[in-house]
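The values are calculated or read from the model by the stated rules, or taken from the named source; none is laboratory data. It should be emphasised that the depicted structure is a prediction, and the values quoted were computed from it without experimental measurement. Glycine gets a Cβ as well: all are built from the backbone with ideal geometry, and neighbour counts include every protein chain shown.
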Amino acid sequence: MTDVKILFIIYIIAVSISILLCLFIMLLIAFTKTLHSPINLLLCNTCLAIIFYFITVMIKIFLFYMQYTYSHWWCRILAYLDSVFLNMIYYSFVIQALSRLFIIVFHRHRHLLKYKFHIILIIFQILISCLISLSILVTEDVVFRSSLICWVPPTKVIHKSYLFISTYFAPVFIVIIVYGIIYYRVIQSSTTVRHSTHITKRDLELIKYILILFIIFILSGVPTLIISIVMAKREVRSRVVYLFPVVSAPFVGIIEKICLIYLNKEIRKETKKLLSQLHLIRRSKYVTVIPSSATRAANIAVH
């Protein structure tokens, strides 16, 4: 149980850092007018989904650690919320890709570039996530077990495969297709219109950055996939190994948010500006303290 306690503490620390980074990005976008754009609205949507997901998983880990006993229905609700928020994270990258597709390929259709349409995309993403995860509620595959976390057990191969395909592989497939279309269209247009070269480089750079961030999150599903395959064949007795996929998720979230701040030029620029302002404020306070101290010392010397 000591190993589980250590993992639980590590998980809380990692989740706290990840949530703080998400809140920082959301507040920075909210209070900086230059960052007010539909694509950044979708970034906030991703951050919000990550926060809800980690909070839900933290509740599950806490109940697992404290060995609480509760009903099968409550266990299904926790597993359902877990799946919904996880789907929201991955499908948020899908609507980010679609938004970039509308900006680059269908830019003549102005209604596709407005906030209203992006809000509709977010609502659609939430509905899709809720519908995909309904299988957890309508089946009895998720049951309470004192030594296990509330999720679909790997022994339910069909159900587990469905969730992996709908949660991981489907978003990856859609994003690859969308960015493939964008890449082809940008390359094609750059060969015919010379004055669009600067825009082409900017858009291709942003596509590369978003793909990097998406790949990071896809890699977060690899531990769960491996553990599920192993547990489908034999029982995993080590709780550390059993909890590793859950504990590794917030570290992926931290890496993803750091990459987002570093790779996104607008957010990186505003972050540097904010840090420089904080540094100037701190320096000004330090400078004002020094003269006052020196003045007092001089007065004492005179008297």
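What to note about this one:
- Test: residue in the range 76-89 that is surrounded by fewer than 19 Cβ atoms within 10 Å (Cβ to Cβ), under 24 Å from THR167 (Cβ atoms) and assigned by TED's automatic domain parsing to the domain that holds PHE244: yes
- A search for C-beta distances below 7 Å between a residue of the range 261-283 that is closer than 16 Å to CYS22 by Cα and any residue that is surrounded by 13 or more Cβ atoms within 10 Å (Cβ to Cβ) and at pLDDT below 85, counting only pairs 6+ apart in sequence or on different chains, returns LEU263/TYR209; LEU263/ILE212; ASN264/TYR209; ILE267/LEU260; ILE267/ILE261; ARG268/ILE261; THR271/ILE261.
- Within the range 41-75, tally of residues that are polar (S, T, N, Q) and buried (at least 21 other Cβ atoms within 10 Å of the Cβ): 2
- Close pairs (8 angstrom Cβ cut-off, 6 or more residues apart or separate chains): in the same structural domain as ILE128 (by TED's automatic domain parsing) in the range 49-61, crowded, with 20+ Cβ neighbours inside 10 Å and charged (D, E, K, R) anywhere: TYR53/ASP82; THR56/ASP82; VAL57/ASP82; LYS60/ASP82
- Sub-8 Å Cβ pairs linking a first residue in the range 90-114 that is at negative phi to a second residue that is part of a loop (DSSP other than H, G, I, E, B), at least 6 apart or interchain, are PHE102/HIS109; LEU112/PHE106; LEU113/HIS107, ordered by first then second residue.
- In the range 91-124, the residues that are part of a loop (DSSP other than H, G, I, E, B) and of a type in the set (S, T, N, Q): none
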